[in-house]
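The values are calculated or read from the model by the stated rules, or taken from the named source; none is laboratory data. Computed from a predicted structure; not experimentally measured. Cβ placement follows ideal geometry from the backbone for every residue including glycine, while neighbour counts extend to all protein chains displayed. Surface accessibility is based on the protein's heavy atoms, side chains included, excluding ligands, DNA and RNA. Shrake-Rupley method; radii C 1.70, N 1.55, O 1.52, S 1.80 Å.
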Amino acid sequence: MNKLLFIFQVITNIALAIYNTTVFENTQFLDKQNYYQHVDSIMKQKQNETNENFIKRGRRFIQQNQETHSLRITYDIFKENDQIITEELQTYIESLLDTAFSYYQSLLYVKHIDQNNTFYLKELNNCLGFLIESDHFVTGIEESDLHLYISFKQSDTDIIASAGHCYIDPFLQRPTFGRILLNLSYFQKINRTNLQFFRDLQSIMHETLHILGFSTASMNYWIDPETNEPYTFKNVHKILKQKMIDDREVSVLSSANILKTIRVYYGCESIEGMLLENQGSDYTKNQHWERSILMNELMSGSSNPEGGVFSLFNIALLRDTGFWDVVDENQANPIYWGKNQGCQFYENKCQADLKYDEFEDIDGIFDCSFTGEGFGVSQTDPFSDDCPIIYPTDSQLCINYEQYQQPYKIDNKYQDNLMFNYSTQSRCFKSTISLDDSAASFANFRCLKSFCNEEGTQVTIQIDQLQIDFICKQEGQTLLVEDGTKSYGKIICPKSFPRFCSSFQNICPQFCSQNGYCVKGKCHCNRGFFGNDCSQRCNEENEDGQCAIKCPPDQYINPDRTCSKDCPQGYFKNSESKTCEKCDFSCSKCNGPSNQNCLDCHILSYLKNNTCVSECGEGYFKNKQSKQCQKCIEGCVKCSNDKVCEECDALNGYIQSSNLCKNTFCDSQCLTCVPHQKEKCTSCSQDYYLDKTQQTCQDSNNCPPGYYSDYEKRECIPCDEGCLLCKNSSYNCQSCDETKNYTLFGNKCFQLINCFSPCKTCLDESNSVKCATCVHNYYLQGEECVEQCSIGYYLHENKCLKCNQNCESCINHSDNCMSCSQDKQLSNSKCYSKCMQGQIWVNGFCVDRPVASYNAVIQNRVLSAKNNQFQLLILCLLVLIALI
């Protein structure tokens, strides 16, 4: 029976993989190209005319308050007489539009003008083929910065929507009118679940972003920061270039913020620009991010079953358009695809020499998806540059809590036996757990409810069937699932806690119940709704139309209109209003509303005096670890670290002395000194050491008793507690202070206390060597204090923690390997199985490389992938029949 069950599961998953290869390419069904050519023609004809409207608007705009305000998006919905839209569907579509536009209104800020939003190109009379009402040419739209025309088309394709701007105001220099064309056939046939709303919401957000500036047609109108004028077709080549990669012509976007962002994100300073999609139709190609290097981004070329992330890349692009006064990066969600993977990943993707978790080696591999939100079979798609990627089907999505029947279920008990749990808190784990042996042959993956602690340093897994929680404290750790009487199998903890935990920030409870959008794990509820999943209707509303909420004295109203003691990232606690309010857009964390209340900064900026800056300025350098501007050494005006000065402050009397700066006012032994007190040193010249107690410089043999001369710091450093004389280091003691009950053991001084040294405190009084904490310069490893962490451990906060099982030794982090066991090889701080010459890595094993070149194999695999899958399906059916 187990064999039959296993065959059934394999066949089912192959069939699902084949079904799932359908991708929703954003094929255009608006005739944009001809429209934009017509617009350009009209604008050229009007270029030399005197336009009194623009002059009047210019005067009024200059007189306006220059403060920025939330972008006001208005829209009209139009349908043809023969287009049938039920009241329920109308409500669904309006909710999608309201929620998407609410997101962009919290993301973008502009300077409002004191007049209506008017479509001034009367000669055009239409918006991408949609006839515009005459009033919009004359009186315009009240309380509007961007007006959108929403209309419908019946189409049997999988296209959801298409969109574009139709008017960029010449004076405001930003889009003010646009059109979204929805496929009515698609919306009429979908099952309108919360997950489906989440996906459709992302489709509307995707199309709206095309209107806001993400299109090659818009790039001609982007503002060149060097001239403060639009690039125009003549100069757009400054940011949009063509290059050949793997015999394909690709477009590369190299605008300022995009270029800085991708170099930091991928960890590759040689990147020339962001790759745009190089496959698909003319309306997908070059209009989206390249999918293979940014698969789960909102603006990739096709839909993603797990949803797309509105990431920092879209923030950078919107800033580079020059259309918007403020783009709030706090509204972006985290993304990890390719992060810090270096130049090889960016340039070669799955064809690189290194193995990346983002890709599988071949089609047909069954595994958890990269985000952990589901599991499935690896396959290539039309936009993945021939790279196999895990794509879950709806039934394989752990986050799809609304599903009730799984295609691989044999009976009603099967899912419970495997301890599956489907919820927006559930993720995929490699696991063998089951309540009995009937599920033993199922593939070793489970959907399990889990959550991360606030620091993202551990993962808790909840097994509802056993009513037991299990905690992952180390990446890759193996947990034995048992209840004291029986063992149920194993769970493998996630490879990367930061990546795993980031997925919880992209998915909110119940997908916000069709009544809000999700940012960093918090629902932002539409007006009239509240709750952590936006499922509850207000009993009472305040003046702003939001739910009137009263919280206990120690709690604050969050964006989901619930009460909490804490505020989400990007918000601060307003003690007067008892609400969580937005930080200044320049801060990622803050304790107040202004740009001088920052506690942490975004990816391209650094913290300096509680302000986030892009450049640290003279006398400071960018500390990439702490994300702060750190001072150079005294007297230095240019440096890249705190050890070496590149240029000294000559105007204030500092001269270069080796790698340091000497103040010529101070005594000869001083490098620097107290102002106007030349004999009181604050640092010393070469071969001298600072005695801070006397503010003098001593040679190496004249530090005061209880101190030693530290060569690196150039200071007299105190010996360890209880040590009267030490040499070369604080813990290399020669004699101890016996008057305070210190005794010399080896080269260290230990005080005779209740615990046996080097324990500082013990776990219990009955065992004096079972340590809880250690004396200075000893580290807790398990229950003992050691001078140095053993091989296979790394030092973290005075504790020796175990390295990942693949590492022989590591540093700073369990997965940051320094050496590997003999059967592994070290690459980019990771340990991988060694492959012999002529072999390649396939699904955890080394197999013989085919005779043909790798690229030829890849190309052939793409051409025959689906045929192979169907052949495998038929083969499995024949095996099944034979067994029966």
Residue satisfying condition, being open to solvent by 10 Å² or more (accessible area, probe 1.4 Å), among the aromatic types (Phe, Trp, Tyr) and at pLDDT 85 or above, within set 404, 422
422
Are there any pairs with C-beta distances below 6 angstrom linking a residue in the range 451-476 that is without any contact (Cβ under 8 Å) to a residue 40 or more places away in the chain to a residue that is open to solvent by 30 Å² or more (accessible area, probe 1.4 Å) and part of a strand (DSSP E or B), with the two at least 6 apart or on different chains, and if so which?
458/471; 460/451; 460/469; 460/471; 469/462
Tell me, please, whether a residue that is polar (S, T, N, Q), open to solvent by less than 60 Å² (accessible area, probe 1.4 Å) and touching a residue at least 40 places away in the same chain (Cβ under 8 Å) can be found in the range 242-251.
no
Tell me, which residue of the range 324-341 that is open to solvent by 10 Å² or more (accessible area, probe 1.4 Å) and aromatic (Phe, Trp, Tyr) is nearest to residue 390 (Cα to Cα)?
336
Pairs, first closer than 15 Å to residue 816 by Cβ in the range 784-795, second outside any loop (DSSP other than H, G, I, E, B) and of a type in the set (A, V, I, L, M), C-beta under 7 Å, six or more apart
789/795; 793/801; 794/801
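Looking only at residues in the range 104-130 that are among the hydrophobic types (A, V, I, L, M, F, W, C) and assigned to a loop (DSSP other than H, G, I, E, B), which one is most open to solvent (accessible area, probe 1.4 Å)? Give the steps one after another, and end with the answer.
Quick first cut of the range 104-130, residues among the hydrophobic types (A, V, I, L, M, F, W, C) only: 107-108, 110, 113, 119, 121, 124, 127-128, 130.
Keeping just the survivors that are assigned to a loop (DSSP other than H, G, I, E, B) gives 113, 119, 121, 124, 128.
Details: 113: 30, 119: 0, 121: 4, 124: 3, 128: 10 Å².
Result: 113.
Which residues, counting only those in the range 177-206, are polar (S, T, N, Q), in a helix (DSSP H, G or I) and closer than 19 Å to residue 511 by Cβ?
Across the range 177-206, the qualifying residues are 194, 196, 202, 203.
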Hey, residue 260 hits all of (1) buried (at least 23 other Cβ atoms within 10 Å of the Cβ); (2) under 20 Å from the mean Cα position of the chain (by Cα) but one; which does it fall short on?
(1)
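Which residue, of 375, 313, 345, is open to solvent by less than 10 Å² (accessible area, probe 1.4 Å) and not in a helix (DSSP H, G or I)?
Details: 313 fails: not in a helix (DSSP H, G or I); 345 fails: not in a helix (DSSP H, G or I).
Being open to solvent by less than 10 Å² (accessible area, probe 1.4 Å) and not in a helix (DSSP H, G or I) holds for just one of 375, 313, 345, which is 375.
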Given (1) surrounded by fewer than 20 Cβ atoms within 10 Å (Cβ to Cβ); (2) at pLDDT 95 or above; (3) of a type in the set (Ser, Thr, Tyr), identify the lone condition not met by residue 216.
(2)
Which condition from (1) without any contact (Cβ under 8 Å) to a residue 24 or more places away in the chain; (2) small (Gly, Ala, Ser); (3) under 30 Å from residue 398 (Cβ atoms) is the one that residue 308 breaks?
(1)
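Residues are listed down the side, and each one gets a yes or a no for (1) hydroxyl-bearing (Ser, Thr, Tyr); (2) in a loop (DSSP other than H, G, I, E, B); (3) touching a His at 6+ places or on another chain (Cβ under 6 Å); (4) farther than 20 Å from residue 504 by Cα:
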position: 338; (1), (2), (3), (4): no, yes, no, no
position: 367; (1), (2), (3), (4): no, no, no, no
position: 386; (1), (2), (3), (4): no, yes, no, yes
position: 395; (1), (2), (3), (4): yes, no, no, no
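From the list 214, 233, exactly one residue is among the aromatic types (Phe, Trp, Tyr) and over 30 Å from the mean Cα position of the chain (by Cα). Which is it? Show your work before the answer.
Values: 214 fails: over 30 Å from the mean Cα position of the chain (by Cα).
233 is the lone residue from the list that is among the aromatic types (Phe, Trp, Tyr) and over 30 Å from the mean Cα position of the chain (by Cα).
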What number of residues in the range 131-148 are closer than 14 Å to residue 176 by Cα and not in a strand (DSSP E or B)?
8
Sole miss for residue 523 among (1) in contact with a strand residue (DSSP E or B) (Cβ under 6 Å, 6 or more places away or on another chain); (2) surrounded by 19 or more Cβ atoms within 10 Å (Cβ to Cβ); (3) part of a loop (DSSP other than H, G, I, E, B) is condition (3)
Given the criteria free of Cβ contacts under 8 Å to residues at least 24 places away in the same chain and under 20 Å from the mean Cα position of the chain (by Cα), does residue 226 qualify?
no
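Is there a residue in the range 269-288 that is hydroxyl-bearing (Ser, Thr, Tyr), within 18 Å of residue 346 (Cα to Cα) and in contact (Cβ under 8 Å) with a residue 12 or more places away in the chain? Quick ask: steps written out before the conclusion?
Here is the first cut: in the range 269-288, the residues hydroxyl-bearing (Ser, Thr, Tyr) are 270, 281, 283-284.
Adding the requirement that they be within 18 Å of residue 346 (Cα to Cα) leaves 270.
Subsequent filtering for residues that are in contact (Cβ under 8 Å) with a residue 12 or more places away in the chain retains 270.
Yes, that holds for at least one residue.
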By residue number, the members of the range 552-579 that are in contact with a Ser or Thr (Cβ under 8 Å, 6 or more places away or on another chain) and at negative phi are 555, 556, 557, 558, 569
When you check residue 133 against the structure, is it in contact (Cβ under 8 Å) with a residue 60 or more places away in the chain, over 17 Å from residue 515 (Cα atoms) and open to solvent by 50 Å² or more (accessible area, probe 1.4 Å), yes or no?
no
Qualifying residues in the range 724-750 (those that are more than 25 Å from residue 681 (Cβ to Cβ) and within 49 Å of the chain's Cα centre (by Cα)) - the one modelled with the lowest pLDDT
750
Taking residue 82 as meeting all but one of (1) at pLDDT below 95; (2) charged (D, E, K, R); (3) not in a loop (DSSP other than H, G, I, E, B), write down the number of the exception.
(3)
Condition check: crowded, with 18+ Cβ neighbours inside 10 Å, more than 22 Å from residue 301 (Cβ to Cβ) and out of contact with any Lys or Arg (no Cβ under 9 Å at 6 or more places or on another chain). Does residue 197 satisfy that?
yes
Checking residue 428 against (1) outside any strand (DSSP E or B); (2) open to solvent by less than 60 Å² (accessible area, probe 1.4 Å), which single condition isn't satisfied?
(1)
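Listed residues 461, 433, 471; which is β-branched (Val, Ile, Thr), in a strand (DSSP E or B) and surrounded by 19 or more Cβ atoms within 10 Å (Cβ to Cβ)? Don't jump to the end; show me each part of the working.
Values: 433 fails: in a strand (DSSP E or B); 471 fails: surrounded by 19 or more Cβ atoms within 10 Å (Cβ to Cβ).
Going through 461, 433, 471 in turn, just one is β-branched (Val, Ile, Thr), in a strand (DSSP E or B) and surrounded by 19 or more Cβ atoms within 10 Å (Cβ to Cβ): 461.
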Condition first: assigned to a helix (DSSP H, G or I), buried (at least 23 other Cβ atoms within 10 Å of the Cβ) and in contact with a Lys or Arg (Cβ under 9 Å, 6 or more places away or on another chain). Now tell me which residues in the range 501-510 satisfy that.
503, 506
Filter result (crowded, with 19+ Cβ neighbours inside 10 Å and β-branched (Val, Ile, Thr)) within the range 580-634:
633
Selected residue (only one of 411, 367 is open to solvent by 10 Å² or more (accessible area, probe 1.4 Å), at pLDDT below 90 and not aliphatic (A, V, I, L, M)):
411
The range 478-493 - residue that is assigned to a loop (DSSP other than H, G, I, E, B) and either modelled with pLDDT of 95 or more or basic (Lys, Arg) (or both) and, of those, farthest from residue 371 (Cα to Cα)
486
Among the residues of the range 136-168, which ones are surrounded by fewer than 19 Cβ atoms within 10 Å (Cβ to Cβ) and of a type in the set (Phe, Trp, Tyr)?
137
Only one of these conditions is not met by residue 101: (1) among the aromatic types (Phe, Trp, Tyr); (2) modelled with pLDDT of 70 or more; (3) closer than 16 Å to residue 169 by Cβ. Which number is it?
(3)
